[in-house]
Amino acid sequence: MTHSRLELAFPDGPPEGRVLFVGAAAADDLEPLDPTRLQILQGNFPDHQGLVSRGYEVATETKDHFDTAIVRLPRAKAASRARIADAARRLTPGADLWIDGQKTDGVDSLLRELRKLAPVSDVHSKAHGKIFRLTLPEAGWLPEDWESRATEVAPGFTTLPGVFSADGIDAGSKMLADHLPDKLPTRMVDLGAGWGWLSAQVLKRKGVDVLHLVESDHAALESARRNVTDPRAVFHWADAREFRLPDPVNGIVMNPPFHEGRQADPKLGVAFIASAARLLTGAGKLWIVANRHLPYESVLAQYFGQVHEIGGDTRFKIIEATAAGKGSATKGAASKGRRK
């Protein structure tokens with residue numbers, strides 16, 4: 001499990017009363033906390049499911065009140081502020097609000113800001129990060145702009161703090177939409193649909209009967225529900241890498257992530273490609289946008305019989321792939337089977 005700074009915050013055992021932990025991950029060491037008095041808020045589907053499988057009470061939101069709260073800082077500063085504001089609403093003045101985060105996620109900057117707003121104590125450093133205690137003042141201590149608010153980033157489209165491309169339309173998604181044909185297959189999937197802009201462009205094309213929006217970030221999916229009101233849209237809070245449908249589809253679009261937090265991880269895109277091949281019919285088509293430097297062509301060739309770059313620039317490339325299940329990996333497996 002991921003090493004924890006919680007033991008520094010609670011050396012004498014779990015805090016008294018009910019505890020809220022905003023942002024705990026599936027691999028976290030939560031041993032210093034009492035699971036019978038703990039509720040976790042986690043909107044990332046794989047982490048949410050991982051925590052549930054460990055027996056914890058996990059939700060995506062809560063209206064309950066607590067005696068102590070712990071906030072794990074995410075990567076985006078606006079999302080960190082929103083988490084702190086939401087946790088503070090669940091506490092009474094005088095309660096402990098613990099802030100935990102990596103230096104790379106801005107914990108030092110948040111610590112400096114919060115020192116000016118509330119009493120801060122028990123600052124502990126460990127594993128390239130910090131955890132510290134804030135004693136909650138009376139109401140009104142936080143700036144109003146720390147609250148989580150939907151922001152309009154394009155006509156008819158709003159986002160929430162912390163979602164991918166929260167400040168506007170992603171350039172890669174825009175390029176992908178520009179290269180889609182005027183008529184698309186009838187049964188479509190948007191793997192990693194985010195807040196729904198690309199999905200909305202798919203639904204503007206002719207031929208689409210149904211579009212499945214698959215997204216692991218609950219906040220992004222909730223934004224997509226508001227942004228995409230077409231009755232042909234079906235929303236799935238799920239891990240795109242593991243997503244299944246009862247019947248295959250004949251078209252997929254995707255702008256797969258290649259970072260886990262701040263760490264580059266091209267394996268995410270590889271897993272998206274494998275998932276797309278599993279979901280598609282043999283005659284179905286995949287349209288994918290990727291950063292120019294990512295070597296996805298060789299991966300696509302393992303899963304698809306035909307792979308072509310159909311557009312791009314120095315930053316991005318647009319690739320179309322078809323003949324799912326007829327790539328080199330499948331052929332290799334078939335050859336081994338014949339030799340037995």
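When DSSP beta bridges are limited to those with both residues in the chain, what percentage is antiparallel, rounded to the nearest 5? Numbers along the way, then the final one.
On the way: 32 of 69 bridges.
If I count the DSSP bridges inside the chain, around 45 percent turn out antiparallel.
Surface composition of the chain: carbon and sulfur atoms hold 51% of the protein heavy-atom accessible area at a 1.4 Å probe.
Extension gain D34-E309, at 0.36 nm per residue separation less the Cα-Cα distance, in nm?
On the way: separation 275, 0.36 × 275 = 99.00 nm, distance 5.31 nm.
93.7 nm is the gain from fully extending D34 to E309.
Extension gain for the segment S53 to K204, taken as residue separation times 0.36 nm less the Cα-Cα distance, is 50.4 nm to one decimal.
Just for segment 133-222, what percent of DSSP beta bridges are antiparallel, to the closest 5? Write down the numbers at each step before the final one.
Working: 3 of 9 bridges.
Of all bridge pairs located within segment 133-222, approximately 35 percent are antiparallel.
Dipole orientation for the chain: of the candidates F258, H293, A25, H293 has the Cα lying most toward the positive pole (charges on Cβ; Lys, Arg +1; Asp, Glu -1). The alpha carbons of segment 147-258 occupy a box of 41, 29, 28 Å along the principal axes, longest dimension given first. If you compute mean projected area of the Cα convex hull in nm² for the structure shown, which of [x] 16.6; [y] 19.8; [z] 17.8 do you land on? Of the listed options [x] 16.6; [y] 19.8; [z] 17.8, [y] comes from this structure. Helical runs (DSSP H, four residues minimum) scored at -39500 (n - 2.57) apiece and divided by the length of the chain put the mean residue ellipticity at 222 nm at -8000 deg cm²/dmol. Compute the accessible area per residue over the chain, keeping the other protein chains in place, probe 1.4 Å, unit Å². Normalised by residue count, the accessible surface of the chain is 47 Å².
In whole Å and largest first, what semi-axes does the C-alpha gyration tensor of segment 1-152 yield when each eigenvalue is scaled by 5 and square-rooted?
Numbers: eigenvalues 90, 63, 53 Å².
The three semi-axes for segment 1-152 are 21, 18, 16 Å.
Could you tell me the center-to-center distance, by alpha carbons, between segment 203-221 and segment 139-194 in angstrom? Value for the Cα centre distance between the two parts: 12 Å. Students often get this wrong, so check it: of K183/K317; K63/K116; K77/K116; K285/K326; K103/K267; K183/K326, which have C-alpha atoms separated by over 19 Å? Too far apart for the 19 Å limit: K183/K317; K63/K116; K103/K267; K183/K326.
Look at the dipole of segment 143-279 built from charges on Cβ: of V249, I273, W197, the Cα furthest out on the positive end belongs to V249.
The values are calculated or read from the model by the stated rules, or taken from the named source; none is laboratory data. Note that the coordinates shown come from a computational prediction; the quantities given were computed from them, not determined experimentally. Ideal geometry is used to build each Cβ from the backbone, glycine not excepted, and the neighbour counts take in all protein chains shown. Heads up: the accessible areas ignore ligands, DNA and RNA and are worked out on the full protein's heavy atoms, side chains in. Shrake-Rupley method; radii C 1.70, N 1.55, O 1.52, S 1.80 Å.
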